[in-house]
Amino acid sequence: MTPSSTRPLAIVTGASTGIGHELAKLCAQNGFDLVVAADEPEIRQAADTFRGLGASVDAVEADLATLEGVDRLCEATRGRPVDVLMANAGHGLGRDFLDQDFEDVRHVIDTNITGTIYLIQRAGREMRARGQGRILITGSIAGFMPGTFHAVYNGTKAFVDSFSFALRAELKDTGVTVTCLMPGATETEFFERADMMDTKVGTMKKDDPADVAKTGFDAMMRGDGDVVSGWKNKLQTAIAAVTPAGILAEQHRKMAEPGSAEKN
Ligand SMILES: NC(=O)c1ccc[n+]([C@@H]2O[C@H](COP(=O)([O-])OP(=O)(O)OC[C@H]3O[C@@H](n4cnc5c(N)ncnc54)[C@H](OP(=O)(O)O)[C@@H]3O)[C@@H](O)[C@H]2O)c1
């Protein structure tokens with residue numbers, strides 16, 4: 001990246017595929033330079049795509065479930081002020097909780113919560129000191145419902161959705177905005193990585209990640225508090241708000257139970 005660049009800078013995590021990839025493309029198209037991160041070498045090919053859209057890009061390969069990984073990402077900005085932080089990296093883990101490997105469980109929590117809020121704290125402190133900045137957090141409508149057969153993941157997203165609103169309120173009048181993007185099921189590598197390709201939600205038709213990212217990007221630029229992408233998901237969250245948790249948990253079973261794909 002050119003240290004003397006006058007373009008604003010955006011950090012996008014989880015930019016190698018899916019929603020994060022589309023968010024990073026939007027940043028590049030809208031005049032931002034980029035520091036992008038993911039855990040696998042594919043992030044370097046993704047960086048070439050963003051360069052092709054006119055951005056100066058640094059790609060960081062780091063496990064953002066670890067504080068060291070997040071520190072390495074922050075160092076890649078080389079002291080350049082961060083105008084936009086898109087804390088998007090995250091992953092799921094399907095099947096029965098009691099049968100999951102606890103290391104895998106912990107990686108979900110450490111990626112979706114610990115690494116995410118550590119990064120937000122580091123970048124957020126600098127934004128508050130400068131009196132400007134925009135933070136977009138990828139939460140999920142999954143945060144509104146108990147995730148039967150995806151229990152830990154939904155719990156992490158309930159945390160993220162809640163955290164986002166609280167941080168936004170704390171940062172009121174500081175010049176720093178916090179926006180929570182809450183997608184519904186979206187066509188990315190998410191369900192394959194979560195071992196959910198034998199489930200109804202894994203195999204059904206899902207939202208386009210480019211549309212979801214655009215909804216989030218626009219909401220962040222407006223400084224909105226949250227945005228649920230798509231009218232069906234908006235309806236689902238409105239119903240979830242007035243439905244008992246036990247009923248929601250049974251509805252989630254139908255979507256995420258292993259083998260539920262065959263019942264389509
Ligand atoms: N797809 C959906 O239905 C859906 C719905 C609501 C919310 N979301 C949320 O949207 C966000 C993006 O997911 P997606 O659907 O776009 O899935 P995706 O295509 O699997 O993308 C996930 C991205 O996060 C990165 N990542 C995951 N764990 C990481 C770690 N420990 N360290 C560094 N990078 C990591 C992945 O990179 P590597 O491959 O290099 O690890 C990848 O770039 C997630 O927070 C997810 O929870 C997704």
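The values are calculated or read from the model by the stated rules, or taken from the named source; none is laboratory data. In this text, all values refer to a predicted model and were calculated from it rather than measured experimentally. Neighbour counts run over all protein chains shown; Cβ positions are idealised from the backbone, glycine included. Just so you know, the surface numbers come from the protein's heavy atoms only, side chains and all, with ligands and any DNA or RNA stripped out. Shrake-Rupley method; radii C 1.70, N 1.55, O 1.52, S 1.80 Å.
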| Within the group Glu22, Glu42, Glu68, which residue is in contact with a helix residue (DSSP H, G or I) (Cβ under 6 Å, 6 or more places away or on another chain), modelled with pLDDT of 95 or more and acidic (Asp, Glu)? | Glu22
| request: Counting only residues that are farther than 28 Å from Gly133 by Cβ, give me the helices (runs of 4 or more DSSP H) lying completely in the stretch 179-264 with at least 2 of them. | output: 190-193, 200-203, 231-240, 245-256
| field | Filter result for Ala89 (away from the ligand (no atom under 16 Å from the Cβ) and closer than 29 Å to Asp207 by Cβ) | value | no
| Selection count, the stretch 92-102, where residues are of a type outside the set (Phe, Trp, Tyr) and open to solvent by 50 Å² or more (accessible area, probe 1.4 Å) | 5
| message | For the condition within 12 Å of the ligand (Cβ to nearest atom) and without any contact (Cβ under 8 Å) to a residue 12 or more places away in the chain, what is the one hit in Asp208, Asp161, Asp104? | response | Asp104
| request: Could you grab me the full set of residues in the stretch 153-203 that are among the hydrophobic types (A, V, I, L, M, F, W, C) and surrounded by 20 or more Cβ atoms within 10 Å (Cβ to Cβ)? | output: Val160, Val176, Val178, Cys180, Leu181, Met182, Ala185, Phe190, Phe191, Ala194, Met196, Val201
| said: So, in the stretch 215-264, how many residues would count as being in contact with a Ser or Thr (Cβ under 8 Å, 6 or more places away or on another chain), under 30 Å from Gly175 (Cβ atoms) and open to solvent by less than 60 Å² (accessible area, probe 1.4 Å)? | reply: 10
| note | Selection from the stretch 66-88 of residues free of Cβ contacts under 8 Å to residues at least 24 places away in the same chain and buried (at least 16 other Cβ atoms within 10 Å of the Cβ) yields Arg72
| field | Of all residues in the stretch 117-152 being aromatic (Phe, Trp, Tyr) and over 15 Å from the mean Cα position of the chain (by Cα), the one that is least open to solvent (accessible area, probe 1.4 Å) | value | Phe149
| query | Between a first residue in the stretch 140-153 that is farther than 20 Å from Asn88 by Cα and modelled with pLDDT of 95 or more and a second residue that is more than 11 Å from the ligand (Cβ to nearest atom) and β-branched (Val, Ile, Thr), which pairs have beta carbons less than 8 Å apart while being 6 or more apart in sequence or on different chains? | reply | Phe149/Thr199
| query | Across the stretch 42-65, what is the number of residues that are surrounded by fewer than 18 Cβ atoms within 10 Å (Cβ to Cβ) and within 8 Å of the ligand (Cβ to nearest atom)? | reply | 2
| Out of all the residues in the stretch 204-214, which are farther than 22 Å from Lys254 by Cα and either surrounded by fewer than 19 Cβ atoms within 10 Å (Cβ to Cβ) or touching a Lys or Arg at 6+ places or on another chain (Cβ under 8 Å) (or both)? | Asp208, Ala210, Asp211, Ala213, Lys214
| query | How many residues are within 24 Å of His91 (Cβ to Cβ) and not in a strand (DSSP E or B) when one looks only at the stretch 29-63? | reply | 14
